[in-house]
Amino acid sequence: MPPTWTVISMIGFNFDLNYYILIVFSILATVASTSGRFILALFAKRIIRGRFLSERILNSIDFLKKRIERKKHFTTTFFLLFSFSPFPSGPLFLAYGLTGLKLRFATVPFFV
């Protein structure tokens, strides 16, 4: 599935829409797509991490979590740059959710 911004651009170029409608559509699409990513990360945090992972895997994830916690600005910058790429963000949010870190560092850059 293409990133949200490419779909919004395609709709803006291919359909003769009022600019106000396009702006409202863009905001709604951004909120919807970011909410979906947030829910995916939240489920990874609460369900997969809490029920399905072994102690060994949790220790590995916690090691990465400690490294990420020290570089919060880098994490936000990485997610911001990733939001402009054509790569799917689902696996990234799934992995970030498994760390159990606060999701605002990952979701806020996708609203830009």
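Side notes on the structure shown:
- For the chain, the Kirkwood radius over C-alpha pairs fed into Stokes-Einstein at 25 °C and 0.890 mPa s yields D = 160 µm² per second.
- Simple Cβ-charge dipole of the chain, Lys/Arg +1 and Asp/Glu -1, about Cα centre, in debye nearest 20: 740
- Within the accessible area of the chain (1.4 Å probe), percent carbon and sulfur: 70
- Extension reserve of the residue 5-residue 24 stretch, reckoned as 0.36 nm per residue once the Cα distance is removed: 5.5 nm
- For the stretch 104-112, backbone phi angles converted through the Karplus equation (6.51, -1.76, 1.60; θ = phi - 60°) give residue-by-residue couplings of 5, 5, 9, 8, 4, x, 7, 7, 6 Hz, Gly and Pro being listed as x.
- Only helical runs count toward this figure. For the chain, summing -39,500 (n - 2.57) over DSSP H runs of n ≥ 4 and dividing by all residues gives -21500 deg cm²/dmol at 222 nm.
- Charge-dipole axis of the chain as Lys and Arg at +1 and Asp and Glu at -1 on Cβ define it, positive-most pick from 76, 54, 111: 54
- Surface accessible to a 1.4 Å probe, per residue, for the residues of the chain, Å²: 72
The values are calculated or read from the model by the stated rules, or taken from the named source; none is laboratory data. These numbers were taken from a predicted model, which means no experiment stands behind them. All Cβ positions, glycine included, derive from the backbone under ideal geometry; neighbour counts span all protein chains shown. We work out accessible area using only protein heavy atoms, side chains counted, and drop any ligands, DNA or RNA first. Shrake-Rupley method; radii C 1.70, N 1.55, O 1.52, S 1.80 Å.
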